[in-house]
Amino acid sequence: MKILLTGGTGYIGSHTAVELINRGYDVEIVDNLFNSKITVLDGIEEITGVRPKFYHVDLLDKNKLDEVFANSHYDAVMHFAGLKAVGESVEKPLLYYYNNIGTTINLLEVMKKHKVNKMIFSSSATVYGDQDGVKLTEDSQTGVGITNPYGQTKYMIEQILKDTATANPDFEVTILRYFNPVGAHASGLIGEDPNDIPNNLMPIIMKVSTGEIPTLSVYGNDYNTPDGTGMRDYIHVVDLACGHVMAIEKMGPGVQIYNLGTGEATSVMEMIRAFEKASGKSLPYKITARRPGDLAKVFADPTKAEMELKWKTKLTIADAMRDTINYLKHYEKK
Ligand code: NAD
Ligand code: UFG
């Protein structure tokens, strides 16, 4: 089975490429390298022994994308490509709407032309909006209280995919709503390496540990949580990648939606302590004001994925910290 990964040199795409190749899938990647590096292919090759065919193409360039599809027949597409910085999306909404929605529409049109009818889409827990402190199921309300354009693009793309499936009964789409991906491949050869300034907790912790950022700002310790800091459902990126393999094996008619999370919530202070324990170093931090739009506690009910995809997370926060530190060591050596 041949699968095209858009955004496949990115953080989640590269880990998914590894898991797919390890299970015998034929993987090709298309990415414009806006937020990833070509050297990711070296990491994938070193881990799997296979270097995926790579197209340096912007999905906004429909003619070039069409050429990619004209070269090989894909059985399915995993659509990871997109911009994901929440703060930047507030400052540059049009860039986010244009890139995330434009790429998806181009992709759907080109897929239709080339009769590729299976897609897995990278959605996000952000579609659940401002629901706080409740275990989110796939049936929880979506689209209400989304505080930023990035989140809106995910919600809108979900709608576009549902409408596409209604119009074309041959189209099969699985929407995966990721919670908070963390960690790296156990080899330390691939991990999270954003080109831009990160605003997610884990990449910031990484930069504080290497001294690139002096102090971690903990955004508020007055939330209604046991230690007062915000809690999230952090999922190891390799577990997340495995979820894609299970999802592709279970594709069926119409639209399927799954939460990919652990079902557990961990606080910012617990994340700091876990990193310190794994690294043996203390992490400088200070408590600052809450970040606007943040919620106290966001976590998944992953039961549906467990039951239907036979998928469950196996790796822990401690594993994620160990693998992140291992990745940092490899990275520093380069
Ligand atoms: P990433 O930035 O590491 O990877 C995305 C890739 O898409 C990058 O390599 C980037 O260069 C590429 N890309 C962006 N625009 C493109 C375009 N126009 N044409 C071609 N390539 C383009 O991000 P990630 O963390 O791997 O996320 C993958 C997907 O999962 C994204 O859609 C993201 O929104 C979604 N997601 C991520 C998280 C998270 O916290 N990492 C959470 C929920 C959902
Ligand atoms: N945090 C800090 N300091 C930082 C960064 C984050 O204290 O420097 C805290 C936040 O307040 C929050 C937690 O760490 O409590 C996690 O924050 P992230 O920015 O890493 O993640 P979010 O849960 O806010 O958002 C992420 C993605 C969204 C996605 C959402 C899904 O950025 O795209 O997860 O749940 F939609």
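Assuming a ≥ b ≥ c are the square roots of the Cα gyration tensor eigenvalues, decide whether the stretch 132-208 counts as rounded (a/c under 1.5), prolate (otherwise, with a/b larger than b/c) or oblate. Display every interim value, and only then the final one.
Working: a/c = 2.22, a/b = 1.67, b/c = 1.33.
Judged from the Cα gyration tensor, the stretch 132-208 comes out prolate (a/c at least 1.5, a/b above b/c).
Where both bridge residues fall in the chain, DSSP classifies roughly 5% of the beta bridges as antiparallel.
Using a Gaussian network model of the chain whose springs link C-alpha atoms within less than 10 Å, name the residue from Thr288, Thr313, Thr147 with the highest mean-square fluctuation. Among Thr288, Thr313, Thr147, the largest GNM mean-square fluctuation belongs to Thr288. Shape of the stretch 185-317 from the C-alpha gyration tensor: prolate (a/c of 1.5 or more and a/b above b/c, with a ≥ b ≥ c the square roots of its eigenvalues). The string of couplings for the stretch 50-55 from the Karplus curve (6.51, -1.76, 1.60, θ = phi - 60°) is 10, 9, x, 4, 10, 10 Hz, one whole number per residue in order, with x for Gly and Pro.
Using a simple spin-label model with pseudo-atoms 7 Å out from Cα toward Cβ, Ala167 and Tyr331 lie 4.1 nm apart. Model label sites at Lys37 and Arg51, defined 7 Å from Cα along the beta-carbon direction, differ in position by 1.7 nm. Excluding same-chain neighbours fewer than eight residues apart, the lysines reachable from Lys113 by a Cα-Cα span under 27 Å are Lys2, Lys53, Lys62, Lys64, Lys154, Lys162, Lys250.
Tally up the carbon and sulfur contribution to the accessible surface of the stretch 1-73 as a whole percent, 1.4 Å probe, everything protein left in place. Could the numbers behind the result be given before it?
Working: 1400 of 3040 Å².
Summing carbon and sulfur atoms, their accessible area is 46 percent of the total for the stretch 1-73.
Let me know the shape class of the chain, please: from the alpha-carbon gyration tensor, a ≥ b ≥ c as square roots of the eigenvalues, rounded when a/c is under 1.5, otherwise prolate if a/b is greater than b/c, or oblate.
On the way: a/c = 1.64, a/b = 1.32, b/c = 1.24.
Prolate.
Take every DSSP beta bridge whose two residues both sit in the stretch 187-332; close to 25 percent of them are antiparallel. Centre-to-centre, using Cα atoms only, the stretch 113-190 and the stretch 49-72 are separated by 23 Å. What the stretch 271-334 shows is 61 Å² of accessible area per residue, with the surface traced by a 1.4 Å probe over protein heavy atoms.
Counting pairs of alpha carbon atoms under 8 Å apart in space and at least six apart in sequence, what relative contact order in percent does the stretch 195-251 give?
On the way: 23 pairs, mean separation 8.1, N = 57.
With pairs under 8 Å counted, the relative contact order is 14 percent.
Multiplying the residue separation of Asn195 and Arg273 by 0.36 nm and removing their Cα-Cα distance gives an extension gain of 25.4 nm.
Based on Cα contacts under 8 Å between residues 6+ apart, the chain shows a relative contact order of 19 percent.
Size of the dipole of the chain about the Cα centre, Lys and Arg at +1 and Asp and Glu at -1 on the beta carbon, nothing else charged, in debye to 20?
So the magnitude is around 320 debye.
Compared with the dominant principal axis of the Cα atoms in the chain, helix 237-249 is inclined by about 30°.
The values are calculated or read from the model by the stated rules, or taken from the named source; none is laboratory data. What you see is a predicted model; the values in this text were computed from it and never measured. Using ideal geometry, Cβ is built from the backbone for each residue, glycine included, and neighbour counts are taken over all protein chains shown. Only protein heavy atoms, including side chains, enter the accessible area calculation; ligands, DNA and RNA are left aside. Shrake-Rupley method; radii C 1.70, N 1.55, O 1.52, S 1.80 Å.
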